[in-house]
Amino acid sequence: MEPAMSTATPGLTPADEDGAASGRAIIAFRVGARWLALAAAQAREIVDILPAHRVPHRRDARFVGLVNVRGELVPCIDIAVVLGIERASVDTSLAHAARTKPRMVLIEQDGQALAFEVDEVNAVHLVTQEALRAVPPDEPAETGRFTQALVDLPVGRTALIDADLFWYATSEGLR
Amino acid sequence: VSGSDDAWMLDLFREEAGTQLAALSDGLMALEAATLQRPVLETLMRAAHSMKGAARIAGLEPLVKLTHAIEDIFVAALAGQCDVDATAIDLLLGMVDFLVEVSNDPASLDGHGKQLPALLAQLQALRSGRLQSASAATTEVPKPDPSASAPPNASSRVTPGAPTAPIDIADLSLLELFREEADGQLTALTDGLMALESASNPRVVLETLMRAAHSLKGAARIIGLDSLVKLTHATEDLFVAALADKIRIDSAAVDVLLGIVDHIADVASGDLARTTARAQQLPDTLQSLAALRAGQLPVSVTAASATSSAAAGAAAPSAEAETSNPSMSVGTAARPSTAVPARSIRMTAATLERLTVLAAEAVLEAERFELMMEQARLGRGPLRNLQSALGRLRDVLGAGSIATPSEQAAAQRQLQAAQASFDALRALQSGRDDALEAYARRMSALARKLSRESLASRMLPFGTLLRGFPRLVRDVSRDLGKQCRLEIHGEKTLIDREILEQLDAPLNHLVRNGLDHGLEMPSSRLAAGKPAEGRLEIAAAHRFGRLQVTVRDDGLGIDIERLRRKIVERSLESQDTASRLSAEELHEFLFLPGFSTASQVTELSGRGVGLDAVRTQVKEAGGNVILASTPGLGTSFTLELPVTRALTRALVVLVGEDRYALAVVEVERALRIEHSALQDLQGRPGFAYEGATVPLVSAADLLEVPGGEQPAGAPCVVLLRTGDQRIGVAVDAFDGERSFVVRPLDGRLGKVAHVAAASTDEHGHVVLILDAAEVARTAAARALAGLKESTATTPAAPTLFDDAAASTKQAPRKRILVVDDSVTIRQARRQVLEAQGYAVDAAVDGMEGWSALRLGSYDLVLSDLDMPRMNGVELVRRIRADARLAALPVVIVSYRDREEDRRQGLEAGANHYLTKGGLQDAALFEVIGRLIGPQAPP
């Protein structure tokens, strides 16, 4: 498999490989008004938005359908529904909101891929263990349970998603 | 030379090297098969020469030396001074691999440099004709560093990057070689033995047989299978004696010898059970051979081997099992023995090689495109210059007057600057269009080739399936006391290997059926004026894009009147109706489960497997069975199947924004229905078609997806059929007909009702291929019952997210999470607990259980102790450490009954520790009831 941040994502600042030992690479993206991050190792590639084909009889709101990624049919989920985020709550007055474009993030685990649409992909950041903060009790309940830690990135406070829990919840939605 | 020039040069070299190395690789591949080597050698020499030139320009001196040596070989071969045989080709292909690696990353040359003297030495050996074999070459040369990309020995090309020690590879290939060899020789032996009985010149056949036995003996000796050496030696000896006219190999002897073939096939298969069984039989078998040699035949052995051979008849040819021989397992240790192996297929090395070459070519093309992109970027500088020159020119002109000489000079300067930039751009542009066009042509040709090759790699000739059939026919007809000649046509017809596999059982059955029920006894045949020997024909052909396989006998045919009587006897139809049924309609009854016309159930074909099974099996392969019979002259069964399952021709329809496809063979018609033809069918929609009213069902309703807006024109309807019922499925639009490469739906989705497979069209749209039969069935049921209920075959399992929905119906049910890695236990617990009225979710291990607990809300956890990823103790610890879950009751149920295990579980925080051994449901309910209260059964 290609490194997560291949030439397909020119806008990203690749993580410094030498620093990998002292910290972890995470990829930050925006859903609605919230900044979220996943371990960069989880991300396979970032592509332009692809149309999803609905799957008959499936009405779980978490499951959007199938997308065609260069011939590979990948299940696409609605990350906002999975995490319980209001997508409409995005503040369009955000200075950069107009300049950014929605993208599709492909993640992969055990050879199985999953796609979801985000409003904006920021960058791969290298964060040290010390930079990760525990989740305070006032974290919104819905996203809170998926949040492994909080980290302050240049774009703002970012919730690092618990990958195991996220995969569990999404695969649940596919059945 | 500056750094960037250097890089540019290397890029150019890479491109050139890509072309030349592809030519080298292609040429070498072609050389092996070429009848005329000269033109191929000339191409190869030119490619090596060009490669050398490119390496020289790029200043890659080591590569110059290597390519020079390669070129030298071709020159020498053209001069007849050295021979480029298969071994040499292997070596040279290894060199090409090395060159591909190095030219993609010339910087790696430093690291690879160490290998160079060895490579050159090999080439030198080849040049001077000293290269004996690939293995000899590799022993002369120190083994290259395993991490080096392309060690130039033959085996590394077959198993690239295999992390095994060299000895393993050698053993593995030896074993594989033996199997291949045994496979071929055993077929030769079987064919020869079959031919021996009717051969006009038995000597020729006997010589072939002797050679086959001899070759097998040699192969068995190499891998050290002593038992096979003994057996094949005795067999060979027998043929030698027969050739010397010392003994005669009669039909009984053939039986014994066919038994020997089975014996060898079993041992060669490497299957432990079969090998062990055969080892015990070895003394008897050798004794029977000795008896044959002495000219006497032990009766008991004949009988035994005759029955065993009949049983093994169909299995023997497919004895090329993938399992390894236990006595030779050294080299196969890498093969996981416990894990379920991934589905694997056999493919000829040549096919794989062709695919690999094409794939490599695709990579090269992609790199070429990157280079073109790079060149396109060169235009950005001149473009910017042109823009600013034009801008300044506009400023000058915009100032109003260019009267003064200085103003004119300024305008002139800007104009010249613009012109210069434009010229630069034009120079860059010239040729780029052509290059792009050529690229697009090459790329689409390559893609088509790749697609064709990969589809072709799924195909096998029909004959590969039939290898066991001559034997089957012989054994079965002998057992029945009948005489039969088997004729096979269309052995070379190519069939998808998946469909081929699915054909085996029905074909086997039809052949047995034909021999048993179709053909008459020799005496009856003679009495009916037919030759005593019956004829059975198996033929395969492609017709109208479908595969037709026919099994035809020249026997009795189907006795229509007897069939009619039987139908009435069985009360399947009234006497009156039966008398009016046509022959075709009567034949249909033969395909009913349990309906057999054989007055006595024979062991051969009356084993409860009837024609209904044949039809079911063929339908599973996407086909159909057609029966034709002429009383007194014979019966034929024609199986109609798709040529491949990978490719299907389908009608594309739009439902809402999504595309669905229905296999063309399943669609009766695609219609546009005038509004005037729409009819009311007892309050439900229908339409007039061929004088009847056909019910109409909306595809969007059926599939539970949003439909598009009702089109203004005539509605599009796909006409399907289920049984005798026609049914119309209304879709939003037709989108033509095309071929799809069929792929299974993502396994994570589970079974999706009405969907058979998935694919994509040339525009990149996802297309779901519908199971037309299922759609028709549901649609018909829906239309006839007028029901509007959900058609989902499996009601959606309650998920963690719809607690609310589930609980609105009645008082909230207590939820229990069962965590256990045994599916049986999970299922059993779920059943008994649900019967008690609890809501039950299950998780396969502690990790999944922990995820489920954090997302859902549960009243109690029932957990196993020993589980992968996260065990029960760890799960309990996490629960107790979590603020929200700390008070959640946990019961551990484990096989472990030692006191320390119990203590460990309870100390971690479990409320109860139960042992699985002899655990009564009542005890479990009692504990659960005490912890969270009983639940009224639903």
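Here are the numbers for this structure:
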| item | result |
| --- | --- |
| Subset of region B:739-752 [in contact with a Lys or Arg (Cβ under 6 Å, 6 or more places away or on another chain) and either within 13 Å of chain A (Cβ to nearest Cβ) or open to solvent by 70 Å² or more (accessible area, probe 1.4 Å) (or both)] | B:750 |
| Counted residues, region B:20-50 - those being free of Cβ contacts under 8 Å to residues at least 24 places away in the same chain, within 20 Å of residue B:358 (Cβ to Cβ) and open to solvent by 70 Å² or more (accessible area, probe 1.4 Å) | 1 |
| Selected residue (only one of B:570, B:543 is of a type in the set (Lys, Arg), modelled with pLDDT under 85, open to solvent by 40 Å² or more (accessible area, probe 1.4 Å) and farther than 29 Å from residue B:470 by Cα) | B:570 |
| Residue list for region B:355-373, filter: open to solvent by less than 50 Å² (accessible area, probe 1.4 Å) and either β-branched (Val, Ile, Thr) or more than 42 Å from the chain's Cα centre (by Cα) (or both) | B:357 |
| Residue that is nearest to residue B:435 (Cα to Cα), among those in region B:374-421 that are open to solvent by 70 Å² or more (accessible area, probe 1.4 Å) and among the hydrophobic types (A, V, I, L, M, F, W, C) | B:378 |
| Qualifying positions in region B:827-843 - crowded, with 19+ Cβ neighbours inside 10 Å and under 35 Å from the mean Cα position of the chain (by Cα) | B:842, B:843 |
| Matching residues in region A:120-143 - criterion: being within 15 Å of the chain's Cα centre (by Cα) and not hydroxyl-bearing (Ser, Thr, Tyr) | A:120, A:121, A:122, A:123, A:124, A:125 |
| Of all residues in region B:763-782 being free of Cβ contacts under 8 Å to residues at least 12 places away in the same chain and either on the phi < 0 side of the Ramachandran plot or more than 7 Å from chain A (Cβ to nearest Cβ) (or both), the one that is most open to solvent (accessible area, probe 1.4 Å) | B:763 |
| Whichever residue in region B:663-709 is more than 14 Å from every other protein chain (Cβ to nearest Cβ) and of a type in the set (S, T, N, Q) and, among such residues, is nearest to the chain's Cα centre (by Cα) | B:693 |
| Residue tally, condition surrounded by fewer than 19 Cβ atoms within 10 Å (Cβ to Cβ), at pLDDT 75 or above and aliphatic (A, V, I, L, M), over region B:269-294 | 7 |
| Residues within region B:846-857 that are surrounded by fewer than 20 Cβ atoms within 10 Å (Cβ to Cβ) and more than 9 Å from chain A (Cβ to nearest Cβ), tallied | 2 |
| Given (1) within 30 Å of residue B:717 (Cα to Cα); (2) modelled with pLDDT of 85 or more; (3) assigned to a helix (DSSP H, G or I); (4) not aromatic (Phe, Trp, Tyr), number of the condition residue B:564 does not satisfy | (1) |
| Condition check for residue B:736: in a strand (DSSP E or B), away from chain A (no Cβ under 14 Å) and within 20 Å of residue B:697 (Cα to Cα) | no |
| Hits in region B:69-119 - residues which are part of a loop (DSSP other than H, G, I, E, B) and surrounded by fewer than 19 Cβ atoms within 10 Å (Cβ to Cβ) | B:79, B:80, B:81, B:83, B:85, B:105 |
| Test: residue in region B:179-186 that is farther than 27 Å from residue B:533 by Cβ, among the small types (Gly, Ala, Ser) and open to solvent by less than 60 Å² (accessible area, probe 1.4 Å) | yes |
| Sole exception among (1) open to solvent by 10 Å² or more (accessible area, probe 1.4 Å); (2) within 35 Å of the chain's Cα centre (by Cα); (3) within 12 Å of another protein chain (Cβ to nearest Cβ) for residue B:867, by number | (3) |
| Qualifying residues in region A:63-95 (those that are touching an Asp or Glu at 6+ places or on another chain (Cβ under 6 Å) and more than 7 Å from chain B (Cβ to nearest Cβ)) - the one modelled with the highest pLDDT | A:64 |
| Residue count for region A:42-56, restricted to those that are facing another protein chain (nearest Cβ under 9 Å) and either open to solvent by less than 20 Å² (accessible area, probe 1.4 Å) or of a type in the set (Asp, Glu) (or both) | 3 |
| Residue, nearest to residue B:474 (Cα to Cα), within region B:513-531, restricted to residues that are surrounded by fewer than 17 Cβ atoms within 10 Å (Cβ to Cβ) and of a type in the set (A, V, I, L, M, F, W, C) | B:521 |
| Among the residues listed as B:886, B:923, the single one being more than 14 Å from every other protein chain (Cβ to nearest Cβ), in a loop (DSSP other than H, G, I, E, B) and surrounded by fewer than 14 Cβ atoms within 10 Å (Cβ to Cβ) | B:886 |
| Yes/no for residue B:906 being open to solvent by less than 20 Å² (accessible area, probe 1.4 Å) and either part of a helix (DSSP H, G or I) or in contact with a helix residue (DSSP H, G or I) (Cβ under 7 Å, 6 or more places away or on another chain) (or both) | no |
| Flag if residue B:251 is modelled with pLDDT under 85, open to solvent by 40 Å² or more (accessible area, probe 1.4 Å) and of a type in the set (Gly, Ala, Ser) | no |
| Residues that are touching a Ser or Thr at 6+ places or on another chain (Cβ under 9 Å), closer than 19 Å to residue B:45 by Cβ and free of Cβ contacts under 8 Å to residues at least 60 places away in the same chain, drawn from region B:99-122 | B:122 |
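The rows are residues; the columns are (1) in a strand (DSSP E or B); (2) not basic (Lys, Arg).
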residue	(1), (2)
B:441	no, no
B:445	no, yes
B:452	no, no
B:460	yes, yes
B:470	no, yes
B:477	no, yes
B:482	no, no
B:488	yes, yes
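Yes or no, residue by residue, for (1) within 30 Å of residue B:498 (Cβ to Cβ); (2) free of Cβ contacts under 8 Å to residues at least 12 places away in the same chain:
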| site | (1), (2) |
| --- | --- |
| B:521 | no, no |
| B:529 | no, yes |
| B:532 | no, no |
| B:536 | yes, no |
| B:539 | yes, no |
| B:547 | yes, no |
| B:553 | yes, no |
| B:559 | no, no |
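To keep it simple, each residue is scored yes or no on (1) closer than 29 Å to residue B:485 by Cα; (2) touching a helix residue (DSSP H, G or I) at 6+ places or on another chain (Cβ under 7 Å); (3) part of a helix (DSSP H, G or I).
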{"site": "B:178", "(1), (2), (3)": "no, yes, yes"}
{"site": "B:193", "(1), (2), (3)": "yes, yes, yes"}
{"site": "B:221", "(1), (2), (3)": "no, yes, yes"}
{"site": "B:253", "(1), (2), (3)": "yes, yes, yes"}
{"site": "B:259", "(1), (2), (3)": "yes, yes, yes"}
{"site": "B:283", "(1), (2), (3)": "no, no, yes"}
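The values are calculated or read from the model by the stated rules, or taken from the named source; none is laboratory data. Since the structure is predicted, the reported quantities are computational estimates derived from the model, not experimental observations. Note: ideal-geometry Cβ built from the backbone for every residue, glycine included; neighbour counts use all protein chains shown. Keep in mind that these areas ignore ligands, DNA and RNA; they rest on the heavy atoms of the full protein, side chains included. Shrake-Rupley method; radii C 1.70, N 1.55, O 1.52, S 1.80 Å.
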